[in-house]
Amino acid sequence: MAPEAPRTYPEPDPDAVLDLAGVTVTRSGNDLLDEISWKVAPEDRWVVLGPNGAGKTTLLSVAAARLHPTRGRVAILGEQLGKVDVFELRPRIGLSSASLAERIPSDETVADVVVTAAYAVVGRFNEQYDGLDATRGRGLLAQFGVEHLADRLYGTLSEGERKRVQIARALMTDPEVLMLDEPAAGLDLGGREDLVRRLSTLARDPYSPALILVTHHVEEIPPGITHALLLRKGAVVAAGPVESALTAETLSSTFGLPLRLDQRDGRYSARAL
Ligand SMILES: Nc1ncnc2c1ncn2[C@@H]1O[C@H](COP(=O)(O)OP(=O)(O)OP(=O)(O)O)[C@@H](O)[C@H]1O
């Protein structure tokens, strides 16, 4: 059999925060992502929705320069994966995910957890931090309502408190794009509502970085989200402006059951029909 001709992809958009073309990730013969093409502009605020195992975390890992695709072209902040030093690229991307959170030492103070992000390390080691970093770190903790916890050890925080600290940490490097993988997972109702409100403020701020938020639940979509990408079995069901991409029909196809979708005051809710 003749070898497959190498695929060619259109030149990436230099102004896009993310520009993915034909991205496929294959593991053990299965396509975890199947030919994903996706473009994110600096002013966009995206939600990525899909059931367990749809490939959301895999997609975010590629978008955050943590994982190379098996096939396809990935451009992040104008730089093409494979042609750029990812260690220079990663500080420009704010990422909060369960796998990163697991690596945060429990005996580190909350203030240090946030400030160490500026050095793209987990754990404080021996770096010298200047006063400006410390001030910025405190400001971010205040933005997420956890400044009073700055001197506590990270391991002593509740899940909700940890989630807010992780987001403050992701913002520490003043990233050009913020990626949050299930930021409300494990939060109680009050914690979720508080977080959704804070994320809504962030999403609506024109000076905020581009936002990509991964979730299973439409109830967690903060008002201010502009775009939605719906993923099922590694493939895109719908993607585009949230009003057209997120409908009862696309949501039902994504989750594989008939759903009713309601929207009120910028918040969504869904239930089975
Ligand atoms: N290294 C691997 N080898 C084989 N399969 C894998 C590997 N990594 C992930 N998978 C599978 O790929 C699929 C997509 O995983 P992923 O974590 O991206 O989904 P997800 O949409 O984030 O799911 P969840 O909502 O449950 O977190 C899952 O079925 C998972 O079991």
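The values are calculated or read from the model by the stated rules, or taken from the named source; none is laboratory data. Since we're looking at a predicted model, the values are computed, not measured. Please note: Cβ atoms are built from the backbone with ideal geometry, for glycine as well, and neighbour counts cover all protein chains shown. Side chains are part of the model used for accessible areas, which takes the heavy atoms of the whole protein and leaves out ligands, DNA and RNA. Shrake-Rupley method; radii C 1.70, N 1.55, O 1.52, S 1.80 Å.
Things to note:
- Residues (assigned to a loop (DSSP other than H, G, I, E, B) and open to solvent by less than 30 Å² (accessible area, probe 1.4 Å)) located in the stretch 52-105: 54, 55, 64, 65, 69, 77, 81, 97, 104
- For residue 232, the conditions (1) touching an Asp or Glu at 6+ places or on another chain (Cβ under 8 Å); (2) crowded, with 16+ Cβ neighbours inside 10 Å are fulfilled apart from (1).
- Count - residues of the stretch 188-218 that are within 16 Å of the ligand (Cβ to nearest atom), within 15 Å of residue 163 (Cβ to Cβ) and buried (at least 18 other Cβ atoms within 10 Å of the Cβ): 3
- Leading residue by the ranking (farthest from residue 69 (Cα to Cα)) among those in the stretch 25-39 that are more than 12 Å from the ligand (Cβ to nearest atom) and not hydrophobic (A, V, I, L, M, F, W, C): 39
- Of all residues making up the stretch 249-273, the number that are of a type in the set (Lys, Arg) and exposed (fewer than 12 other Cβ atoms within 10 Å of the Cβ): 2
- Counting residues in the stretch 16-32 that are surrounded by fewer than 18 Cβ atoms within 10 Å (Cβ to Cβ) and either aromatic (Phe, Trp, Tyr) or within 28 Å of residue 171 (Cα to Cα) (or both) gives zero.
- In the stretch 152-170, residue farthest from the ligand (Cβ to nearest atom) [restricted to those that are open to solvent by 30 Å² or more (accessible area, probe 1.4 Å) and closer than 17 Å to residue 99 by Cβ]: 169
- Test: residue 92 is out of contact with any Cys (no Cβ under 8 Å at 6 or more places or on another chain) and more than 13 Å from the ligand (Cβ to nearest atom): yes
- Strands (runs of 3 or more DSSP E) wholly inside the stretch 169-256 that include at least 3 residues being closer than 17 Å to residue 144 by Cα and at pLDDT 95 or above: 177-181
- Candidates 51, 42, filtered to the one that is over 16 Å from residue 81 (Cβ atoms) and within 13 Å of the ligand (Cβ to nearest atom): 51
- Any hit, the stretch 171-184, residues being out of contact with any strand residue (DSSP E or B) (no Cβ under 8 Å at 6 or more places or on another chain) and either more than 16 Å from residue 96 (Cα to Cα) or open to solvent by less than 50 Å² (accessible area, probe 1.4 Å) (or both): no
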